[in-house]
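Novice: One structure, as structure tokens, below. Some questions next.
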Amino acid sequence: MTRHLTSPPPPIALVGPTASGKSGLALWLANRVPLEIISMDSALVYRGMDIGTAKPTAAEQAQVPHHLIDIRSPTQSYSAAEFATDAQRLIADIQARGRHPLLVGGTMLYLKALLEPLDALPPAQPALRERIEQEAKQLGWPALHAELALVDAPTAQRLSPNDSQRIGRALEVYRATGQPMSALHARQKSQSTTPLTMPVISLEPTDRAWLHSRIAQRFDDMLAQGLVAEVLGLMQQPGLHPDLPSMRCVGYRQVWENRLPFSEQGLPENKATDPLFIEKIRETGVAATRQLAKRQLTWLRSMPHRQVVACDQPHVQERVWQEVCQSWSV
């Protein structure tokens, strides 16, 4: 039972690496507290990308209101700054309805944009980005990562040498403005006087093998549910190509990359079920998901104020509930 509140319930962020159990816990909380979920996942914004993103089902979305899901076509982009604007508006709307805002997801840049508002970066410049992409094809992303380290060491240090999306964007910002992205972010942080503050509950495993096992099982489930067919269907959309943010998502990227030995235009039906093709997607997809989880945990460990709950230990629900009760007075 929820106690009468004299002030709007503050937002809470429920975060953690992929496959740590965030979505299940959020639905469990929704059975105990009148809440609404704001998705903090950069893949869930895309329509038609359901299986590979582990998108909440229609029944789950009917159980509790979900926001910022299916708001973009896969051919479009959605920035952290746009998320921050949308999330703050939604938080206010949910509070005005007397309900509790719960932000759920693992896109740490989105969380950072809320807690430490980002500087207004220059808009995307397709021609400049195309030149960077061509350089990467000739030199490789590690070479461009080395170039980034010379002009923006703080940004380069937190990126993998093969993180094409973020390396490309950081170089694009530097070449367009003459200023490193890290400096633009630092300036905004120093000028910001009213950053959003909220409790952050972080689901983190004590045993990495537990998380790896869940990652592998979830990827197997996605393949069984038709991940390959989903991606092949998306590939028929005009304007969709593998360099778009949507197609860089784990699972989708692996189907794009591994289809090439079979066909430049797509996969014939018999090849889409070829065991060697499926196994290659599984191998690369699981590995990429593990790398994603590792990056997410690195981000989280840089946030000393978070409340850590061991997601691979007993009584996870009770531990999360204790943290929620302290923040929401329920």
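Bear in mind that the values in this text are calculations on the coordinates, not laboratory data. Only a predicted model underlies this, so the values are computations on that prediction, with no experimental measurement involved. With ideal geometry, Cβ positions are generated from the backbone for all residues, glycine too; neighbour counts draw on all protein chains shown.
Novice: Lys/Arg Cβ at +1, Asp/Glu Cβ at -1, dipole of the range 35-147 taken about the Cα centre: which of 113, 69, 146 is farthest positive-ward?
Specialist: Checked the options; the winner is 69.
Novice: Can you give me the pair-distance distribution of the range 126-187, C-alpha pairs, 5 Å bins, whole percents?
Specialist: Percent of pairs per bin, in order: 4, 21, 34, 25, 13, 3, 0.
Novice: Would you compute the Debye intensity of the chain from its alpha-carbon atoms alone, equal scatterers and no solvent, and pass along log10 I(q)/I(0) at q = 0.07, 0.12 Å⁻¹ to two decimals?
Specialist: -0.30, -0.91
Novice: To continue, here is another question. For a footprinting-style exposure proxy, rank 181, 303 by other Cβ within 10 Å, fewest first. Could you put the intermediate results ahead of the total?
Specialist: Details: 181 23, 303 15.
Going from least to most buried by this count: 303, 181.
Novice: Further, regarding this structure: What does the net charge come to around residue 41 if you take all other residues with beta carbon closer than 15 Å to its beta carbon, with K and R at +1 and D and E at -1? Spell out each step's value before the answer.
Specialist: Values: positive: 22, 47, 55, 72, 112, 218, 248, 295; negative: 50, 60, 70, 82, 86.
Local charge sum for residue 41: +3.
Novice: Now, a different point. Take every Cα pair under 8 Å in the range 126-172 that's 6+ residues apart, average their separations, divide by the length, and report that relative contact order as a whole percent. Show your work: numbers first, answer last.
Specialist: Working: 38 pairs, mean separation 19.8, N = 47.
Relative contact order for the range 126-172 comes out at 42 percent.
Novice: Could you list, bin by bin from short to long, the percent of Cα-Cα pairs of the range 95-162 in 10 Å steps?
Specialist: 16, 31, 33, 12, 8, 1
Novice: Going by how many other beta carbons lie within 10 Å of each one, how would you line up 221, 70, fewest first? Please report the intermediate quantities before stating the final value.
Specialist: Numbers: 221 12, 70 16.
Final ranking by Cβ density, sparse to dense: 221, 70.
Novice: For the chain, what's the relative contact order in percent, using C-alpha pairs closer than 8 Å and at least 6 residues apart?
Specialist: Numbers: 440 pairs, mean separation 87.2, N = 330.
Normalised by residue count, the contact order of the chain is 26 percent.
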